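Notes for the one structure printed next.
Read the figures in this text as sums done on the coordinates, not as results from a lab. Quick caveat, the model's predicted, so the values are computed rather than measured. Here Cβ is always computed from backbone atoms with ideal geometry, including for glycine, and neighbour counts include all displayed protein chains.
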Amino acid sequence: MSILYRSDAARAAAWASYFARHAPDLDFRIWPDAGDLQKVEYLIAWQAPAGFLAELPKLKVLFSSGAGIDHVDLSAVPAHIPLVRMVEPGIINGMVEYVSLAVLALHRDFFDYVAHKAARAWDPLEVPPASARTVGVMGLGSLGCAVLERLATFGFRLRGWNRSPRTLEGVETFAGADQLQPFLAGCDVLICLLPLTPATKGILNHELFAALPKGAALVNVGRGPHLVDADLIEALDSGQLSRAILDVTDPEPLPADHPFWAHPRVFVTPHVASMTQPESAAPILLENIRRAQRGEALRDVVDRGRGY
């Protein structure tokens, strides 16, 4: 039985080491040293080109090496092959850290003080309590719920919006298109953690920004195509939005001449909010393989109808 890893080369050795220690019965291969593709039954990949998948006639499961699956062309994955997304503590912890940092930096005017330092200006700003600000999260999956749980420890007022209804302790929740505008109307900081689907592409647009309180801030850690770039710049320049922190862009890498780089109210990081950590991800993935071997249901299988 063969497993092929076709993802981040820098972490390939850690994955191979784990499988060598804990699953010596499995033939773990690293792309491009794939050997006989006719024998590959499990594929761990970030990108899986349609032509490549066609070369794997015995493929049983396709594992995404990240939390998202928008990089996979679902039409190229045969219907009988489950697509499993990565849900593991390393991804969740990284996202919680990044979003907490972003929200606190906005709350405590960190970026204003960066500008003050450059101008050598000693100019204290008023410090409101966290309880005076409302943070809203779009997308109440495992990442969104973990982010809200951590933000609660700082005392922020919390809101959450999801496609389907969810109930979370200490969070005012909203669901569906009809409740999106009421949700937005109370958010001082908006965090996008939605999956990328045809329904959510371009959701961060002029209409959505207009529904936020004037001066609200945006943190996008979902996907770059969620955002309409020109609408964000317009909202920032008009003062409707105060700042934006973007960990994802479209395209990636962000071109050197893109206006986000020069905009004083946009802060960009190179898609680093969270990353799969082999030491915590490999055990979870191996357990899913063992479940498949035992004929048991796999965990975290993507619902193709919903796209996540």
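Note on GLN181 and PHE154: with the Förster distance fixed at 25 Å, the Cβ-Cβ geometry gives a FRET efficiency of about 0.40.
Computed from Cα atoms, the angle from the helix 89-107 axis to the main principal axis of the chain rounds to 10 degrees. Based on Cα contacts under 8 Å between residues 6+ apart, the chain shows a relative contact order of 16 percent. Mind checking which aspartates and glutamates have their C-alpha under 14 Å from LYS39, skipping anything on the same chain fewer than 8 residues away? Cross-link targets: ASP27, GLU55. Taking a sphere under 15 Å around the Cβ of GLY68 and counting the other residues whose Cβ falls inside, with K and R at +1 and D and E at -1, yields a net charge of -4. Output the 0 to 90 degree angle, nearest 10, between the alpha-carbon long axis of helix 278-294 and the longest principal axis computed from the alpha carbons of the chain. Value to nearest ten degrees: 50.
Between the listed residues ALA281, SER131, LEU232, the Cα displaced farthest toward the positive end of the dipole of the chain, a dipole computed from Cβ unit charges relative to the Cα centre, is found at ALA281. With a simple spin-label model that places each label point 7 Å from the Cα along the Cα-to-Cβ direction, the separation between ASP250 and ASP25 comes to 4.5 nm.
The label-point distance for ALA118 and LEU101, in a model that sets each label 7 Å from Cα toward Cβ, rounds to 2.0 nm. Note on LYS201: lysines with a C-alpha under 29 Å away, same-chain residues under 8 apart excluded, are LYS214. If you run the Gaussian network model on the chain, springs between alpha carbon atoms under 10 Å, then out of TRP122, TRP31, TRP261 the most flexible one is TRP122.
Computed from the Cβ-Cβ distance with R0 of 25 Å, the FRET efficiency linking GLU296 to HIS80 stands at 0.90.
The angle between the Cα long axis of helix 142-152 and the main principal axis of the chain comes to about 40°, on a 0 to 90 degree scale. The order of MET95, MET1, going from fewest to most other C-beta atoms within 10 Å of their C-beta, is MET1, MET95. Taking a point 7 angstrom from the Cα of VAL268 along the C-beta vector, which residues in segment 211-244 have backbone N less than 18 Å away? Taking a point 7 Å out along Cα→Cβ of VAL268, the residues of segment 211-244 whose backbone N falls under 18 Å are 218-237, 243-244. With each label modelled as a point 7 angstrom along the Cα→C-beta vector, the ALA10-ALA210 pair spans 4.2 nm. Scalar couplings 3J(HN,Hα) for segment 48-64, obtained by applying the Karplus form with A = 6.51, B = -1.76, C = 1.60 to θ = phi - 60°, are 10, x, 4, x, 5, 4, 5, 8, 10, x, 9, 4, 9, 9, 10, 9, 6 Hz; x denotes Gly and Pro.
Subtracting the Cα-Cα distance of GLU279 and MET1 from their residue separation scaled by 0.36 nm leaves 97.9 nm.
Our helix-only sum for the chain, with -39,500 (n - 2.57) per DSSP H run of n ≥ 4 divided by its residues, gives a mean residue ellipticity at 222 nm of -9000 deg cm²/dmol.
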